[in-house]
Amino acid sequence: MKGRKIPTYRTTPIKGARMKLAFSTLGVPGMPMPDVARLAAGAGYHGVELRAHPEEPVHPGIGADERARVVAEFRDAGIEILTVAGYVRAAQAGPDEPVLAGLRELLELAHDLGARHVRVFPGGGEQSPEEADATAARRLAAAAPRAADLDVRLLLETHDSHRTGADAARVLGLVGHGSVGAIWDVMHTWLGGEDPATSYPALFPHLGYVQVKDIASADDTTPLPLGEGVLPLTECVELLSREGWDGWLCWEYEKRWYPQAREFPELLAPGREHLLRLLTDAA
């Protein structure tokens, strides 16, 4: 990427399209942060969701100097760090303290990077839904005051044991704190048999942002370019627009888990154009 001329795209919202666009670095595993920032700016995105894993450049183990460098790199590129996407599982079986420690580390990292959110998974495993709900709610409620102090929001993603909006809403209703909300992963709610018209009302009181993606089928979840698969992206965008929601759409392209998938950088600009068409049509 270094030395490459970056094309310029309009990043201000078009008429009727108030949502902002981001992508997850899950699509560019291991890419250095300066390259991520340039890639986002060149493809016309407003922000990025940073995968916070030890195999990535940004994770809770990096020090203050490196955190400051990352902030400067994204600031200079005009790109917002939307989220620190962690791997803490709020509902996992076992003692609370290791989970709470992990949440605290992610919150501190997000604060230092100027990120709005921390992503967490449910991870309830083989527990009963009632037990998993109570465990996740207890831990998220315990972490919520620190999140509020740091002006960072903990977001529970619709995923694994809590795949649907209804599943996530059960937990978040128990928490009842404004610093704890949800990420709507449209693939997982669809795989859970929930249509967007059901997911949105369940998640709306808690909604941080929406993760978009596309796949061939429930049996083949290899990532595809937006609009080439079966996920109800048009319906989701139409619904969000109709309801006046003006948050973020974040493209999570799971290249890390599917190395055979097409290279993500070449898909980013067409993906942006596809989302903008959906937003224009919905308006």
Explain nothing, just compute: Karplus ³J(HN,Hα) = 6.51 cos²θ - 1.76 cosθ + 1.60, θ = phi - 60°, for every residue of region 176-185 in order, whole Hz, x for Gly and Pro. x, 10, x, 8, 10, x, 9, 10, 8, 8
Given the options 170, 153, 256, which has the most mean-square fluctuation in a GNM of the chain, springs set between C-alpha atoms less than 10 angstrom apart? 256
Could you bin all the Cα-Cα distances of region 67-153 into 5 Å bins starting at 0 and give me the percent of pairs in each, rounded to whole numbers? 3, 15, 24, 21, 15, 10, 7, 4, 2, 0
Percent of Cα-Cα pairs per 10 Å bin, from 0 to the last occupied bin, for region 160-252, please list those. 17, 51, 28, 4
Residues whose modelled amide H sits under 5 Å from the amide H of residue 212, counting only those 5 or more places away in sequence or on another chain, are 250, 251, 252
Write down the accessible area per residue of region 20-282 in Å², having rolled a 1.4 Å probe over the full set of protein chains. 38 Å²
Cα centroid separation - region 60-131 against region 166-190, whole Å: 16 Å
Amide H contacts of residue 51 (H built 1.01 Å from N, under 5 Å, at least 5 apart or other chain): 25, 26, 85
Which of (1) 0.94; (2) 1.00; (3) 1.27 is the computed Rg/Rh (Cα atoms, Kirkwood Rh)? It is (1)
What are the ³J(HN,Hα) couplings of region 51-67, residue after residue, when phi is run through the Karplus curve with 6.51, -1.76, 1.60 and θ = phi - 60°? Round to Hz, x for glycine and proline. 5, 9, 10, x, 7, 9, x, 10, 6, x, x, 6, x, 5, 5, 5, 4
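The values are calculated or read from the model by the stated rules, or taken from the named source; none is laboratory data. Remember, it's a predicted structure, so these values are computed and weren't measured experimentally. For the accessible areas, the whole protein counts, side chains as well, though only heavy atoms, and no ligand, DNA or RNA atoms are used. Shrake-Rupley method; radii C 1.70, N 1.55, O 1.52, S 1.80 Å.
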